[in-house]
1. With no other cysteine's Cβ closer than 4.7 Å, which Cys residues of the chain count as lacking a disulfide-compatible partner?
2. Please list, short to long, the whole-number percent of alpha-carbon pairs of the chain in consecutive 10 angstrom bins beginning at zero.
3. Anything over 21 Å Cα to Cα? Flag those among 109/142; 114/142; 25/358; 41/82; 300/355, in the order listed.
4. Roughly what angle does helix 2-11 make with the longest principal axis of the chain, taking Cα atoms, 0 to 90 degrees, to the nearest 10?
5. Each residue of segment 170-184 in turn: what ³J(HN,Hα) in whole Hz from Karplus with 6.51, -1.76, 1.60 and θ = phi - 60°, glycine and Pro shown as x?
6. For segment 253-319, just the Cα set please: Rg and Dmax, both in angstrom.
7. For segment 313-320, what does the Karplus curve 6.51 cos²θ - 1.76 cosθ + 1.60, with θ = phi - 60°, yield as ³J(HN,Hα) per residue in whole Hz, taken in order and with x for Gly and Pro?
8. Which number do you get for Rg(Cα) / (2.2 N^0.38 Å) in segment 107-224?
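Read the figures in this text as sums done on the coordinates, not as results from a lab. Computed from a predicted model, the values in this text were never measured in an experiment. Here the Cβ positions follow ideal geometry from the backbone for every residue, glycine too, while neighbour counts run over all protein chains shown.
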Amino acid sequence: MSAGINLLIESTSDIDLKEIAKKVKSGIRITDEECLKLFQKGELAFVGTLANYIREKLHGDNTYFNRNFHIEPTNVCVFSCKFCSYSRLYAHKEEGWELSIDQMVDIVKTYDNKPITEVHIVGGVHPKMNMAYFIELIQKIKAHRPNLHIKAFTAVELDYMFRKAKLSVEEGLQQLKDAGLQSLPGGGAEIFHPEIREIIAGDKVSGEGWLRIHEVAHELGMHSNATMLYGHMEKYEHRIDHMSKLRSLQDKTKGFNTFIPLKFRNANNDMSHIVESTINEDMRLYAIARIYLDNFPHLKAYWPMLGRQNAQLTLSFGVNDIDGTIDDSTKIYSMAGSEEQSPSMTTEELVNLIKQSKRKPIERDTLYNVINDYSEISVFN
Ligand code: V47
Ligand code: SF4
């Protein structure tokens, strides 16, 4: 494993990059300044070799996926993030959708007898869907299928819910946890730096607010994920600021499972004039995130957004998780222009995608407990 990194250290003439490669080999954390150097000077092959070294040290060839499905209660939203292709303002709610609790429980029932381990529930911020509504939803799902892990609500939805209910973050999260909420997804993080956040998502929870909700969730024993929306108007410095805040919080709580970079897609939104990032830049970002976020156990590529082949490519750039088998209930990316217009992959397809990259497909649950090692299995259910 170290042959590649030794060769890289020997052959790199740039003093800064050589120093970074040596640090990575010794497991020493890189600084923000060094991270900037990687963004400015690190060629794809260079950052890829380092990221792959870290990935294989942490996980070998293990590549995780889970069997999950999504419920999106509504796309009606009180906010108007400029990059969002999916939401409809409350004033135009007839153009959107609003699911009742019974409709959502019926969706859960369609997965009865299927070996699904997780439901991921996120949507727009609807002014009428409040704490009581979501507590009832969670309780009903748990009553129907107690072993289904409920990963639900971005910090944006939670912040709005708690403020409306006049609850502190601690009180609100405790009530949802008591109802059956088990972990938080990573959405709503976008870019924490106010300079960019103000422009692209000015009216929703601040970066500090997002981080505080995740910190409290971790204190209550829940795990969560973190995302970063990249490839729009942010500079390298904003990406580093974002990841630095996540790295500091993770040092404190160790509650994050996974970091998920989300590539900005430009169809049907107010930022359509922005050209999307190149695949080269996408892969470099994954690799640099793997190098910088040394305390995040996992790095996930969300294939409905990247497309299957690009997601497959990320496995050589630090990624060790490609999310799950998701039915076409996920509209957020198809509406934003992803090539995955009906994002659904069977377990067999996911396993084959991982095997084609000469990695080991491992089915996991939300908390990364191993459910099945598929490297030797070729029969699927
Ligand atoms: O917060 C919205 C992003 C996020 C666009 O935790 C866009 O396991 C790109 O967070 N182009 C929601 N991105 C999705 C999300 C997520 C997805 C998968 C897994 C997990 C997890 C979390 O989608 C939003 C926003 O950052 N988004 N519009 C767009 N046009
Ligand atoms: Fe609403 Fe989320 Fe879209 Fe922002 S990204 S407008 S909070 S649905």
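1. 35, 77
2. 5, 24, 34, 26, 9, 2, 0
3. 25/358; 41/82
4. 60
5. These are the phi-based 3J(HN,Hα) values: 4, 5, x, 5, 4, 5, 5, 5, 4, 6, x, 5, 10, 7, 10 Hz.
6. So, for segment 253-319, Rg and Dmax equal 13.0, 39 Å respectively.
7. Going residue by residue, I get 5, 4, 5, 8, 10, x, 6, 10 Hz, with x marking Gly and Pro.
8. Cα Rg divided by the expected 2.2 N^0.38 Å: 1.09.
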